[in-house]
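Structure record follows, encoded as structure tokens.
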């Protein structure tokens, strides 16, 4: 804070809670200001303890990001950032903010860049916050006309906030974008500086020796401030004996001449030739990089009658409509330049009146500052600051630029924003909201779902549903009556509109499946009716769905305010609310899983889940590729070929004997295993395998018949049987014959 202060004294480690005046004592600005620092520290600490580092009150939450007509908008309301209240009185536009001047890109340009990223980029939106000192030069309303226009009184501390946006790298263009933005909020360590006065010398000789200690005649608050950031070797600084508080407003400028509104009340608090001044306007303070430094110029001469400062060099123009100002700095000598003073590579750098400073290695930012109270009565400077631990090197008093993630925007060509307006962007809200204290309740005791017998958002066949039913496990034993009215199962079927199996329809028709609901300890079970006609009807219905390449969606719902358990004079209801998560199935596809146990910290909430139902998987047929095989053998009785007669009167044709297995519907994920066997003379023929897997999505599979030897001039009968391993009691069989031949006898 570059105000006209005697000192800035506040140390949170001392745990002071108030400043108390005593009668007949001198009132100092430092004491009153310390009370303000104490109040701010207590207030911010309490807010962070209650809300956290970031948060907005529900109902009055501000800075919700939206996009409309190529504009990036934010809503009115409040948001807290590290204990600092940011309040937008009205809805705002990214391109029209008083504290964001000359941004590199407009909102439309940023959004166009995002679209050009083709899904491999993101746009991160932040709320940027800091505090600044405001005097009558920034706000003329602080002047009291009764005291005269030149009379300043108090200053103000103001919260500055603005919405900023920047392109994100590829890793942020996903669901972790918001959490990645929070991980970015690391504050680099502040660099350190030491101060001292000239030590006393014990050298003998005739040469004059500088006095030790502070030799100034005035009480001063020296300010040492980094002008150009960087490392120890290339950063620069400037300094002021008045804490940088000597400022005038720029009225006009031309060439090297700068006309100001005031030359100061006296020579100590005014301007003089050969002094260095910094010229800047609000675009320097509120540019894309906040709190930037202006340009330094050396004053050549002063024309008092016109209040004109003439510089040695031409002055680059500033915008007088944007509160242009001139600030005096007090560095001098040959080392002073328009870039400031070098840091000195770790050695001691003399300021004036016996004061020296030294900088440590580190990364310095523009605006990093240290204040050094110097007192004529003691001939000393107060360094290290009282209560600082006694370390000679002290960290900079850095203006903290706080940042809070607001939103992460990604390209989404089919996205539709919540306002119903189709836009090619998806907006993830990164804000954190909190309810009023009066809306907070302790977690209500309740029943919770701890497990289910099916996999959410997965596939189940009708025979599996009929065989096992649906089981829901709870963390307590329910005592309420149960029925299909409170444990409902609804099947949503795809409508076959145009009888075109290759085309899906987006219309589903729901109907409710009643089942028998029973309690068993901490479990609830729903069992579908075993009526053969009803199961056959459902199976035919599901088979029709399969022809449409679709599955019926089955929704399961347990009513939280109808399922309860009586416990010790109170009633516990079902808190069945769940949250989703992504899970990967065995075939690598993603599906929506549920986080269990359930619980949304309310007295009662419904439990909801869904899965997809397919027809009963059955083995329709087992068919050999011929029902009558004949063998062709060599004179030494070796089987040369297996033949079959396709049409009467047509010579037999060679064939590779095999059996084809046909399922009622396509095999599910993972395939369907069929167990096969062959009854007959095993020395003549066998099967190539005892089981075969029908691939997922297919309805057929084959298994070869291996003919081992010629049975002679006779016909043998064989029966092949097959059954699904999941349904071994429903085998399907087929019979075929093999006719051998008498080998020719060769007489040599």
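Some points to look at:
- Tilt relative to the chain, helix 107-116 - C-alpha long axis, 0 to 90 degrees, to 10: 40 degrees
- Spatial separation of Cα centroids for the range 692-712 and the range 235-300, in angstrom: 94 Å
- 0 to 90° range, to nearest 10: angle between helix 532-547 axis and the chain longest Cα axis: 60 degrees
- Relative packing of peptides 38-49, 476-487 - highest average C-beta neighbours within 10 Å first: 476-487, 38-49
- Between helix 29-51 and the chain there is an angle of about 10 degrees, using the helix long axis and the longest principal axis of the Cα atoms.
- Cβ-Cβ distance of residue 595 and residue 42, R₀ of 45 Å, FRET efficiency by 1/(1 + (r/R0)^6): the value works out to about 0.70.
- Structure-derived log10 I(q)/I(0) by the Debye sum over Cα atoms at q = 0.07 Å⁻¹ - corresponding label in (i) -0.76; (ii) -0.56; (iii) -0.50: (i)
- Spatially, the range 613-676 and the range 106-145 are offset by 76 Å when compared through their Cα centroids.
- Three-way shape call for the range 619-739 based on the alpha-carbon gyration tensor, with the a/c threshold at 1.5: prolate
- Value of [θ]222 nm, deg cm²/dmol, for the chain, DSSP H segments ≥ 4, -39500 (n - 2.57) each, nearest 500: -2500 deg cm²/dmol
- Cα-projected label distance for residue 156 with residue 289, points at 7 Å along beta-carbon direction, nm: 3.0 nm
- Each Cα pair under 8 Å and six or more residues apart adds its separation to the average, and for the chain the resulting relative contact order is 10 percent.
- For peptides 727-735, 594-602, 572-580, sequence by mean Cβ density within 10 Å, most packed first: 572-580, 594-602, 727-735
- If the segment from residue 471 to residue 621 were pulled out straight at 0.36 nm per residue, it would be longer than the present Cα-Cα gap by 50.6 nm.
- Length released on extending from residue 401 to residue 146, taking residue separation times 0.36 nm less the Cα-Cα span: 88.0 nm
- Within the range 449-614, antiparallel bridges make up roughly 90 percent of the DSSP beta bridges whose residues both belong there.
- Contact order, relative form, for the range 619-739: 30 percent (alpha carbon pairs under 8 Å, 6 or more residues apart, mean separation divided by residue count).
- With contacts taken as Cα pairs under 8 Å at a separation of at least 6 residues, the range 565-662 carries a relative contact order of 21 percent.
- The average projected area of the range 30-75, computed from the convex hull of its Cα atoms over all directions, is 5.2 nm².
- Part-to-part distance (alpha-carbon centres) for the range 29-50 and the range 526-542, which is given in Å: 72 Å
- You can think of it this way: the chain between residue 698 and residue 233 has 160.1 nm of extra reach, that is 0.36 nm per residue less the Cα-Cα gap.
Bear in mind these aren't lab numbers, they're just calculated from the coordinates by the rules spelled out. Since the model is a prediction, treat every value here as computed from it, not as a measurement. Don't worry about glycine lacking a Cβ; one is built from the backbone with ideal geometry, like all the others, and counts go over all protein chains shown.
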